[in-house]
1. Per residue, how big is the convex hull around the C-alpha atoms of the chain? Give it to me in cubic angstrom, could you?
2. Using only helices, what value at 222 nm comes out for the chain when you add -39,500 (n - 2.57) per DSSP H run of length 4 or more and divide by the total residues, to the nearest 500 deg cm²/dmol?
3. With a point put 7 Å past each Cα toward its Cβ, work out how far Ala5 is from Phe21 in nm, to one decimal.
4. Go through Ser29, Asn11, Met1 and say which Cα lies farthest out towards the positive end of the charge dipole of the chain; charges sit on Cβ, +1 for Lys and Arg, -1 for Asp and Glu.
5. Summing +1 for each Lys or Arg and -1 for each Asp or Glu, what net charge is found among the other residues whose Cβ lies under 14 Å from the Cβ of Asp22?
6. Between Gln14 and Asn43, how high is the FRET efficiency from 1/(1 + (r/R0)^6) when r is the Cβ-Cβ distance and R₀ = 35 Å? Nearest 0.05.
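Values quoted throughout were computed directly from the atomic coordinates according to the rules given, and no laboratory measurement underlies them. Quick caveat: nothing in here was measured; it's all calculated off a predicted structure. Cβ sites come from the backbone with ideal geometry, for glycine too, and all protein chains shown count toward neighbours.
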Amino acid sequence: MKKIAMLFNLNRHQYEYETEFDSELTIESIYNVLSKKYEVKKN
């Protein structure tokens, strides 16, 4: 099984610049789709 490292910036709503970051829901959705076909490690 191929491996993927998933890198992301989590939007914690603490600073204005975080608006470009992803929500936990988005990250989990992407992780769930990728993990069906790949071994995924979140960093």
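1. Hull volume over Cα atoms, normalised by residue count, gives 56 Å³.
2. Details: 1 runs with 11 residues, N = 43.
Here the helix-only value at 222 nm equals -7500 deg cm²/dmol.
3. 1.9 nm
4. Going by the Cα projections, it comes out as Met1.
5. Residues close to Asp22 contribute a combined charge of -2.
6. Details: r = 20 Å, r/R0 = 0.57.
With R0 = 35 Å, the Cβ-Cβ based efficiency is 0.95.
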